[in-house]
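Chemist: Structure below; questions to follow.
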Amino acid sequence: FPPAVFPLSCVVQNYSWGKVGLESEVAKLVASGDPLVQIQPDQPYAELWMGTHPRGDALIRDNRIPQKTLGQWISDNTACLGAKVKDAFQGQLPFLFKVLSVNTALSVQAHPNKELAAKLHAQFPEHYPDANHKPEMAIALTPFEGMCGFRPVEEIVSFLQNVPELRALIGEVAAEQLERSGSDDPRGVSAALRVCFTRLMKSEKKFFVDQLNMLVRRISQEAAEGKDTSGSNGDLLLRLHSQYPGDIGCFTIYFLNLVRLEPGEAMFLGANEPHAYLHGDCVEIMACSDNTVRAGLTPKFIDVLTLCEMLNYTPAPSSSKIFPAAQSQLDPNVYLYDPPVPDFTIMRIEIPASIKLYLISAMDSASILLVIQGTAVGTSTAAASEMSLHRGSVLFISANESISLHLSSPDSRACCLL
């Protein structure tokens, strides 16, 4: 039998927003995963891609396997996905697993649902490269900050009253409509919110740049005088403006929740949920798609009309955006992040120092294992030989295969995808 469990060498993306050199968790994982890799101290290491996406198909590190990449191997061995996944996802690995190291903000964006993705792909294939939806989930590895979903209306109204530059862009009529919308009429609230956000995003360039410059000057001056600028979300505004001067995305901080995740905490981003990652390191899992509708904090193509049309305008507090992990009832060392989509689940496995032998159980679908810390020797009836595992190791595990870990150091922690 050919090996069905094997190590991978994964593709790094050097996007400009990534953390630089060994400040990046991506770089640290890559360096410890492969001692031959030279980390460039001035190069950004933004994303590590673990999967079969054509822009980053993982290489197989096992010279007994004739196929060079995971994508080629899976297409020749589709049974490895497990019967259910193979049928449901047409013989393709349904997810892309990543590590992200974010230094400067990523664009304000949302991902389309399947229906809209198919339409956008048919109309504008150069901007929307596939017809799939792209739900995603981020789990913090270090303290992580992002914006996600619309704030409760009272917070937005408070900013409209404290930030005259914001009110000027939205206009008095729309601002008053939001102020008058009552919590007893959620559809009215969503409609008013849609009008306000769309007016902001469609403001005339010269007008919003002038208002943004006025706002930045005012907040810088207040901060210099030692005043509290939190009523205008001053710290975040100055930070984003220094990263993307003159960008309309700077104003989205008054509409979107600021979500702070501690290591191990997660946020799930369903279709049409506006979001932007701001800073920190996380693992991210998504449906295998590259469809992103952007509208600010980016030099890339922006599609304001599509974004404003598609968004979910339901306000909710930032605490509601944190997605809980459930401790497995079968194994207390496993924490499950199981979002309401069929494309993926994440397991976080934390093995205490007292355990010297641990079995990673077989599942009815293929998975990818990433070792975050610790060392172990892995054995499997489906592997060609023993596998030495340490921080940064990545393994592909076919469906219905298990691995025994012989642990040599305290806490090996793995994120493993079903």
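Chemist: Is there a residue in the range 147-158 that is part of a loop (DSSP other than H, G, I, E, B) and over 20 Å from G56 (Cα atoms)?
Modeler: Looking only at the range 147-158, we keep the residues that are part of a loop (DSSP other than H, G, I, E, B), and these are 151-152.
With the extra rule that they be over 20 Å from G56 (Cα atoms), the set shrinks to 151-152.
Yes, that holds for at least one residue.
Chemist: For the range 101-113, check the following and say yes or no: at least one residue is over 19 Å from the mean Cα position of the chain (by Cα) and either closer than 30 Å to D228 by Cα or of a type outside the set (A, V, I, L, M, F, W, C) (or both). Steps first, please.
Modeler: First pass over the range 101-113, keeping only residues over 19 Å from the mean Cα position of the chain (by Cα): none.
So far as the range 101-113 goes, no, none of its residues is over 19 Å from the mean Cα position of the chain (by Cα) and either closer than 30 Å to D228 by Cα or of a type outside the set (A, V, I, L, M, F, W, C) (or both).
Chemist: Only residues that are in a strand (DSSP E or B) and within 12 Å of P41 (Cα to Cα): list them for the range 1-24, please.
Modeler: Our first condition is that a residue be in a strand (DSSP E or B); within the range 1-24, this holds for 5-9, 11-13, 18-20.
Hits for the range 1-24 are K19, V20.
Chemist: Of all the residues that make up the range 375-387, how many are open to solvent by 20 Å² or more (accessible area, probe 1.4 Å) and under 24 Å from C282 (Cα atoms)?
Modeler: Selection size over the range 375-387: 1.
Chemist: Does G18 fit the bill of being modelled with pLDDT under 95, within 23 Å of D290 (Cα to Cα) and not hydrophobic (A, V, I, L, M, F, W, C)?
Modeler: Working: modelled with pLDDT under 95: no; within 23 Å of D290 (Cα to Cα): yes; not hydrophobic (A, V, I, L, M, F, W, C): yes.
The answer is no for G18.
Chemist: Now for a different question. Show the residue pairs meeting these rules: Cβ distance below 8 Å; 6+ apart or different chains; first residue within the range 145-165 and hydroxyl-bearing (S, T, Y); second residue part of a helix (DSSP H, G or I) and surrounded by fewer than 19 Cβ atoms within 10 Å (Cβ to Cβ).
Modeler: Final answer for the pair search is S158/G231.
Chemist: What residue, among those in the range 274-289 that are part of a loop (DSSP other than H, G, I, E, B) and at pLDDT below 95, is least open to solvent (accessible area, probe 1.4 Å)?
Modeler: S289
Chemist: If you scan the range 166-189, which residues turn out to be of a type in the set (A, V, I, L, M) and free of Cβ contacts under 8 Å to residues at least 12 places away in the same chain?
Modeler: Within the range 166-189, the subset of a type in the set (A, V, I, L, M) is 166, 168-170, 173-175, 178, 189.
Correct list: V173 only.
Chemist: Any idea how many residues of the range 341-379 are among the aromatic types (F, W, Y) and either more than 21 Å from A88 (Cα to Cα) or free of Cβ contacts under 8 Å to residues at least 40 places away in the same chain (or both)?
Modeler: Within the range 341-379, the subset among the aromatic types (F, W, Y) is 344, 358.
Cutting the leftovers down to either more than 21 Å from A88 (Cα to Cα) or free of Cβ contacts under 8 Å to residues at least 40 places away in the same chain (or both) gives us 358.
Summing the residues that are among the aromatic types (F, W, Y) and either more than 21 Å from A88 (Cα to Cα) or free of Cβ contacts under 8 Å to residues at least 40 places away in the same chain (or both) in the range 341-379 gives 1.
Chemist: Tell me, which residue of the range 397-418 that is among the small types (G, A, S) and at pLDDT 50 or above is nearest to G51 (Cα to Cα)?
Modeler: Filtering the range 397-418 for residues that are among the small types (G, A, S) and at pLDDT 50 or above, the one nearest to G51 (Cα to Cα) comes out as S398.
For (1) touching a Leu at 6+ places or on another chain (Cβ under 6 Å); (2) surrounded by fewer than 13 Cβ atoms within 10 Å (Cβ to Cβ), each residue gets a yes or a no:
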{"residue": "T306", "(1), (2)": "no, no"}
{"residue": "A316", "(1), (2)": "no, no"}
{"residue": "D338", "(1), (2)": "no, no"}
{"residue": "M347", "(1), (2)": "yes, no"}
{"residue": "L359", "(1), (2)": "no, yes"}
{"residue": "I372", "(1), (2)": "no, no"}
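Chemist: Here's a follow-up. Name the pairs: first residue in the range 45-56 and of a type in the set (D, E), second residue not in a loop (DSSP other than H, G, I, E, B), Cβ to Cβ under 8 Å, at least 6 apart or on different chains?
Modeler: E47/V12; E47/Q13; E47/G18; E47/V26; E47/K98; E47/V99; E47/L100; E47/S101
Chemist: Does the range 208-224 contain any residue that is under 27 Å from the mean Cα position of the chain (by Cα), closer than 17 Å to E172 by Cβ and either touching a residue at least 40 places away in the same chain (Cβ under 8 Å) or surrounded by 14 or more Cβ atoms within 10 Å (Cβ to Cβ) (or both)? Let's see the steps before the verdict.
Modeler: First pass over the range 208-224, keeping only residues under 27 Å from the mean Cα position of the chain (by Cα): none.
Scanning the range 208-224 turns up no residue that is under 27 Å from the mean Cα position of the chain (by Cα), closer than 17 Å to E172 by Cβ and either touching a residue at least 40 places away in the same chain (Cβ under 8 Å) or surrounded by 14 or more Cβ atoms within 10 Å (Cβ to Cβ) (or both).
This table checks each residue for (1) assigned by the TED database to the domain that holds L369; (2) surrounded by fewer than 20 Cβ atoms within 10 Å (Cβ to Cβ); (3) under 21 Å from the mean Cα position of the chain (by Cα); (4) not aromatic (F, W, Y).
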{"site": "G18", "(1), (2), (3), (4)": "yes, no, yes, yes"}
{"site": "E23", "(1), (2), (3), (4)": "yes, yes, yes, yes"}
{"site": "L29", "(1), (2), (3), (4)": "yes, no, yes, yes"}
{"site": "S32", "(1), (2), (3), (4)": "yes, yes, no, yes"}
{"site": "Q38", "(1), (2), (3), (4)": "yes, yes, no, yes"}
{"site": "P41", "(1), (2), (3), (4)": "yes, yes, no, yes"}
{"site": "T52", "(1), (2), (3), (4)": "yes, no, yes, yes"}
{"site": "T78", "(1), (2), (3), (4)": "yes, yes, no, yes"}
{"site": "Q90", "(1), (2), (3), (4)": "yes, yes, no, yes"}
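The values are calculated or read from the model by the stated rules, or taken from the named source; none is laboratory data. Note that the coordinates shown come from a computational prediction; the quantities given were computed from them, not determined experimentally. Glycine gets a Cβ as well: all are built from the backbone with ideal geometry, and neighbour counts include every protein chain shown. Please note that ligands, DNA and RNA were not included when accessible areas were found on the heavy atoms of the full protein model with its side chains. Shrake-Rupley method; radii C 1.70, N 1.55, O 1.52, S 1.80 Å.
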